[in-house]
Amino acid sequence: MERNVILKYLRGETSPEERIKMLRWLEEDPAHLEEYKYLRRIFDATLCNEENIPLSIHSSRSTNRRIWMQIAAAVAFICLFAGGTWLYTQHLSENQAELLAARDIHVPVGQRTEITLNDGTRIWLNSNTTLHIESQKGKDLRRVRLNGEAYFEVTPNKHLPFVVQTGSHEVQVLGTKFSIFAYKDRNDFSVKLYEGAVDVSDKQNATTLRLSPDEEAKISDGGQLIKVPFDKAESLLWIEGIYYFEDTDYASIFRQMKEYYKVDFDVRNPQILQYKCTCKFRQEDGLKHILEILQRIHRFEYEWSDDEQTVIIR
């Protein structure tokens, strides 16, 4: 695999064709996955922390020595992709400046990451997730915008509420632990509370719910925001790179795989959507492996469309 394609993938800039090619390359050989993981670690070191960007990647407790080691790793990474002195200078002046100026964090397909804000709040982001962090200067609250799936451990501050904005909902807390599933499809919105309390607001229907621990806010079949109990035992396995489904219908599994792997599903046999299973998958195994396991549980056939952006299931 060409290194410039891997770089584009790490930055979430690949075309659909390049993304499919990359995912298949990762599945071909365990050595490819190990090479990718190595390059990913170096790439993460290039996401430096500046005063005007209230976050750090993976850790907020870096010593001076570690910072310099990260800078050295960043230089090594740029050189690795550049292939020459001129390209190295070009990447350093353009790409690094772009990273330092960015307010958005995007996690590419098939990956996940952890960030720590300057106030100590920790956030885990799942595959194909974008988080926008607003500047706190002159504000009376801490606000982020989420498109995707994330788990939050918010540092308490009664003077600065923490607000997560999604496409159609808002979650406000003072200090607590909770997760949000909020990709673009409004009907799949969900908030699960583990500690503390949160207020979940539905802007479209002017509804607000307050959750207690072990309660989930989600959209009912009728389109209303409701709260129900949930079992938190396995609900955060995705942080460890494991997708867990308990007695879940294939329609729900395909919807989540659509978001995680950024592909469409065209199910030609509606009966397949009603199948259910309890199963676990490793994120790094890829979509092909997941489909093969689901095939063994309930028989179906699948193929890729000509443009390789849709999985056709019969």
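The set of residues in the range 170-220 being more than 21 Å from Thr248 (Cβ to Cβ) and of a type in the set (S, T, N, Q) consists of Gln172, Thr176, Ser201, Gln204, Asn205, Thr207, Thr208, Ser212. Total residues in the range 164-175 satisfying the condition of being over 19 Å from Lys227 (Cα atoms) and not small (Gly, Ala, Ser): the figure is 1.
Selection of the range 106-154 for residues being within 26 Å of Glu13 (Cβ to Cβ) and aromatic (Phe, Trp, Tyr) yields Trp124, Tyr151. Candidates in the range 186-242 are the residues that are in a strand (DSSP E or B) and acidic (Asp, Glu); of these, the one that is surrounded by the most Cβ atoms within 10 Å (Cβ to Cβ) is Glu216.
Evaluation of Ser252 against the conditions (1) touching a residue at least 12 places away in the same chain (Cβ under 8 Å); (2) of a type in the set (Gly, Ala, Ser); (3) in a helix (DSSP H, G or I) shows that the sole unmet condition is (1). Scanning the range 294-314 for residues that are assigned to a helix (DSSP H, G or I) and either outside the structural domain of Ala251 (by TED's automatic domain parsing) or surrounded by 14 or more Cβ atoms within 10 Å (Cβ to Cβ) (or both) yields a total of 1.
Picking from residues in the range 271-292 that are more than 23 Å from the chain's Cα centre (by Cα) and not in a strand (DSSP E or B), the one that is farthest from Leu125 (Cα to Cα) is Gln271. Residues that are assigned to a loop (DSSP other than H, G, I, E, B) and hydroxyl-bearing (Ser, Thr, Tyr) were ranked within the range 122-142; the one that is nearest to Arg19 (Cα to Cα) is Ser127.
The values are calculated or read from the model by the stated rules, or taken from the named source; none is laboratory data. As the structure is a prediction and not an experimental result, all values here were calculated from the model. Quick reminder, even Gly has a Cβ in these numbers, built from the backbone with ideal geometry, and neighbours come from all protein chains shown.
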